[in-house]
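Below is one structure; the comments refer to it alone.
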Amino acid sequence: MHKAIVSPLSKVPEITLAFWVIKIFATTLGETGGDVVSMSMGLGYLLGTVIFTFLFLIALFAQVRAEKFHPFIYWTTIIATTTVGTTLADFADRSLAIGYSGGTMMLVSLLILSFFLWHKTLGSVSMNNINDRKTEIFYWVTIMFSQTLGTALGDWTADTAGLGYTGGVYIFGGLLLMILAAHKWSKVPKVILFWMAFILTRPFGAVVGDFLDKPLDHGGLALSRYSASLVLLILISLGLLIFPQRAAKGVGH
C-alpha cells in the first residue's frame, strides 16, 4: 500500500456545502449583474463584455499572483467569470445571431477541449491540486468556459426548449440533486461529479436570475436588477463571514 503524498495547500477552497451555496449565489449574481450593465444601463452586450473582461483580468491577476488562498480574491474572480460569461454568451447568442443552440454547442466544444488539454498537459483535472501557476491557468480558463456555457444553456432551456425559467429551475435543480445522490451512493469519481455540479450550478443560477428580473409577461418576477444584485452580493458576503473558507488540501499519488 502506498500512502498518499500531501501536496501544498491549494489556492482554491475546500468543497463544502457552504461552497455550493455561495457558488449558486455567485452564478445568480452573475446573471443579474450582467443584465444590469448590458440592459438596465443600456450599454449593450459588447461593451458589457469589454467592461467585465477587464474586471475579470484584474481579479485573475490578483488571484494568480497571490501566494496562498484568499477567500475574497477567489470569490471575486468567480463572480467576475459569471458576469463576463453572461454578457459574452448573450453577445454571441443574440448580437452575432448564432442562437442559443449554436452558442451552447460552441461552448460545449470549447469546454471539452479545455478539459482535454488540461488532462493531457498535467495528467489530472483535480479540483484540489490548484497550487502552481500552470494548473491555475487551466483551472480558470475551464471555469470561464463553463460559466459562459451555463448562460447559453440556461437561455436555451428557458427559451428555445420552451420550458420557461421555472422549468429551467426544476430541470437543473433536479440534475444537481441527482449528482448529490451519486456523490453519496455511487462510485463515480469525485472529480467528475465536482465538475458536473460546477458546470450545472451556472445554468441553474442563470435561470434563477432571469426568473427574478425578467418581465412578468416573459415569465419572470420583474424585480429590480439593481436590488436583486445587491441582495445577492450581501448574501455572498454573509456566507463568507459566517462560514469561513479554508484552502483545499491537495493530494498527490
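Throughout, read-outs are computed from the coordinates displayed, never taken from laboratory work. Because the structure is a prediction, the values reported are computed rather than measured. A quick note on method: Cβ atoms are made from the backbone with ideal geometry, for glycine too, and the neighbour counts reach across all protein chains shown.
Data table
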read-out	value
With Cα atoms, 0 to 90° folded angle of helix 99-122 axis to the chain main axis	10
Protection-proxy order for peptides 119-130, 74-85, 183-194, each taking the mean of Cβ atoms within 10 Å per residue, highest first	74-85, 119-130, 183-194
Test item: Cα-centred dipole of the chain, Lys/Arg +1 and Asp/Glu -1 on Cβ, debye	1120
Net +/- balance of residues flanking Phe198 in space, Cβ distance below 13 Å, scoring K and R +1, D and E -1	+3
Translational diffusion coefficient (Stokes-Einstein; Kirkwood radius from C-alpha pairs) of the chain at 4 °C, 1.567 mPa s, in µm²/s	70
Karplus-derived HN-Hα couplings along the stretch 168-183 (A = 6.51, B = -1.76, C = 1.60, θ = phi - 60°), whole Hz, x at Gly and Pro	x, 4, 5, 4, 6, x, x, 5, 5, 5, 5, 5, 4, 5, 5, 4
Principal-axis tilt of helix 190-213 within the chain, Cα atoms, nearest 10 degrees	20
Table column - 3J(HN,Hα) (Hz), the stretch 39-44, Karplus curve with 6.51, -1.76, 1.60, x for Gly and Pro	10, 4, 7, x, 7, x
Summed residue charge, Cβ within 13 Å of Trp75's Cβ, Lys/Arg positive, Asp/Glu negative	+2
Candidate lysines - alpha carbon under 27 Å from Lys190, same-chain residues fewer than 8 apart omitted	Lys3, Lys11, Lys23, Lys68, Lys120, Lys134, Lys249
